[in-house]
């Protein structure tokens, strides 16, 4: 895994792709490709943490990719380090020239920089990509400005990907990302409500800074830490309107045709398709019947992916007695 550094820890000199790159969609990857050629410095992605709007306006900003997830995505792109510049009010007050001098020159010894055409920087976002080219050139830094990538007459953006996920359109989000959308969490012990229904689930504790899709029931793939294979699953994202209407929103994953002890394990989930929205049923029996139908749909969708998911195998025990196969 490539390292996550502060500017002080960074390997230097650097060739920098500069921006938030949230989602690392196809447009972001085009900017990153501009700094991975040999001989221009250590290929580096530089972003700010936390998001500037969190510091300046107190707006919470959920991320499509958390830093640890981004490391895994950047490595195959030829990037050798991710540098997070701590964003605070002192940094926000730097004018464009001071930003270039203090951050790009003094801290990172930049030799080459690539940005998207919509890049803004400096106090009040006064500097744009053209300003960056002018200021950097005077200091011997080459700057590449990559045009925005359009898709169906609309610019490809992290905001569009968020809108697709908020609508439960996983296929559209995946198309724009150019890769699967995933999230991870540690499995924690629940109250056993799923087991009482005959559908034991793994309750995931997901980082609260991660952007999650629309609440509902999904077909999904699930992958345990240390495993190279994915398992078919059905996931409930949101509250439990039938069994406990007052319960907070949760991420519950039922592995199809698997029996595993999961508490304390890291589970990565890839939603495939929204099966239905949540609703209140007329009792536990009706809910259990619907979950069985959801599981059947999920199994069918996962089987269509072929050998990537071993759903054609007979159910088997992989380390726990059936009543303890999952955690709730």
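Scanning for something under 29 Å from residue 262 (Cβ atoms), part of a loop (DSSP other than H, G, I, E, B) and at pLDDT 95 or above, does region 231-248 turn up at least one residue?
no
Taking the conditions exactly as written (over 24 Å from residue 64 (Cβ atoms), at pLDDT 85 or above and touching a helix residue (DSSP H, G or I) at 6+ places or on another chain (Cβ under 6 Å)), does residue 275 satisfy them or not?
no
Has region 139-157 got any residue that is farther than 23 Å from residue 20 by Cβ, assigned by TED's automatic domain parsing to the domain that holds residue 40 and touching a strand residue (DSSP E or B) at 6+ places or on another chain (Cβ under 9 Å)?
yes
When you scan region 28-51, how many residues do you find that are under 28 Å from residue 89 (Cα atoms) and not in a strand (DSSP E or B)?
Matching residues across region 28-51 total 5.
If residue 166 meets every condition in (1) surrounded by fewer than 16 Cβ atoms within 10 Å (Cβ to Cβ); (2) over 18 Å from the mean Cα position of the chain (by Cα) apart from one, which number is that one?
Condition (2) is where residue 166 drops out.
Of the conditions (1) in contact with a helix residue (DSSP H, G or I) (Cβ under 7 Å, 6 or more places away or on another chain); (2) touching a residue at least 60 places away in the same chain (Cβ under 8 Å); (3) surrounded by 18 or more Cβ atoms within 10 Å (Cβ to Cβ), residue 21 satisfies every one except a single condition; which number is it?
(2)
Return the only residue of 216, 168, 116, 124 being touching a strand residue (DSSP E or B) at 6+ places or on another chain (Cβ under 9 Å), at positive phi and not assigned by TED's automatic domain parsing to the domain that holds residue 279. Explain how you work it out, then say what you get.
Numbers: 216 fails: not assigned by TED's automatic domain parsing to the domain that holds residue 279; 116 fails: at positive phi; 124 fails: touching a strand residue (DSSP E or B) at 6+ places or on another chain (Cβ under 9 Å).
Just one listed residue meets the conditions, 168.
For region 84-100, indicate whether the set of residues that are surrounded by 20 or more Cβ atoms within 10 Å (Cβ to Cβ), in a strand (DSSP E or B) and within 27 Å of the chain's Cα centre (by Cα) is non-empty.
No: region 84-100 contains no residue that is surrounded by 20 or more Cβ atoms within 10 Å (Cβ to Cβ), in a strand (DSSP E or B) and within 27 Å of the chain's Cα centre (by Cα).
Just checking, does region 11-27 include any residue being at pLDDT below 95 and not in a loop (DSSP other than H, G, I, E, B)?
Within region 11-27, one or more residues are at pLDDT below 95 and not in a loop (DSSP other than H, G, I, E, B).
At pLDDT 85 or above, out of contact with any strand residue (DSSP E or B) (no Cβ under 9 Å at 6 or more places or on another chain) and under 30 Å from residue 117 (Cα atoms), is that true of residue 163?
Taking the combined requirement at face value, the residue satisfies it.
Can you give me the number of residues within region 52-83 that are under 17 Å from residue 29 (Cβ atoms), in a helix (DSSP H, G or I) and touching a strand residue (DSSP E or B) at 6+ places or on another chain (Cβ under 8 Å)?
Final tally of qualifying residues: 4.
Of all residues being in a strand (DSSP E or B) and under 27 Å from the mean Cα position of the chain (by Cα) in region 129-154, which is surrounded by the fewest Cβ atoms within 10 Å (Cβ to Cβ)? Just the residue, please. Write out each step before concluding.
Restricting attention to region 129-154, the residues satisfying the condition of being in a strand (DSSP E or B) are 142-146, 150-151, 154.
If we keep only those that are under 27 Å from the mean Cα position of the chain (by Cα) as well, we get 144-146, 150-151, 154.
Values: 144: 16, 145: 18, 146: 19, 150: 10, 151: 14, 154: 8.
Here the answer is 154.
The values are calculated or read from the model by the stated rules, or taken from the named source; none is laboratory data. Computed from a predicted model, the values in this text were never measured in an experiment. Note that we place each Cβ from the backbone using ideal geometry, even for glycine, and neighbour counts take in every protein chain shown.
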